[in-house]
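Here is the structure we will look at.
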Amino acid sequence: MDKQSLFVQVANLEERIGELYVELGTLKQKIQDLIEENLRLQRENERFKEESLEGKTPLEPRSAQENLLRIYREGFHICNVKYGSLRTEGECLFCLSFIQKT
Ligand SMILES: [Zn+2]
């Protein structure tokens, strides 16, 4: 095996490791984001539970439409196609038409 091709192989490997390292960093950031999102939802859930235990019904003062709109603005689908999942593709026409109907 000639030295030249060994050097090329090592250089290619180095490049791939570099790319994997960047990908790893991106994945770590995504995990971090998901953990934070999860914590936020847990806290919100706790708050709702506490409020309903205290006999308050936090959802009542708002109309159903306001609640749906709020959930939608927070980045979740409210349409029956993808209800409850994160909106990753921007505005959702199904959600928007659903808001208008209610
Ligand atoms: Zn939707």
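Checking each residue in the stretch 75-101 for being surrounded by fewer than 13 Cβ atoms within 10 Å (Cβ to Cβ), at pLDDT 90 or above and assigned to a loop (DSSP other than H, G, I, E, B) picks out G75, S85, E91.
Restricting F48, F76, F7 to those that are within 16 Å of the ligand (Cβ to nearest atom) and aromatic (F, W, Y) reduces the list to F76.
Yes or no: the stretch 51-68 includes at least one residue that is surrounded by 12 or more Cβ atoms within 10 Å (Cβ to Cβ), within 16 Å of the ligand (Cβ to nearest atom) and of a type outside the set (A, V, I, L, M, F, W, C). Scanning the stretch 51-68, I find at least one residue that is surrounded by 12 or more Cβ atoms within 10 Å (Cβ to Cβ), within 16 Å of the ligand (Cβ to nearest atom) and of a type outside the set (A, V, I, L, M, F, W, C), so the answer is yes. Contact map, the stretch 82-102: first residue assigned by TED's automatic domain parsing to the domain that holds R70 and among the charged types (D, E, K, R), second residue more than 10 Å from the ligand (Cβ to nearest atom) and not in a helix (DSSP H, G or I), Cβ cut-off under 8 Å, separation 6 or more or different chains; pairs are R87/G75.
The values are calculated or read from the model by the stated rules, or taken from the named source; none is laboratory data. Since the structure is predicted, the reported quantities are computational estimates derived from the model, not experimental observations. Positions of Cβ are generated from backbone atoms using ideal geometry, with glycine treated the same way; all protein chains shown enter the neighbour counts.
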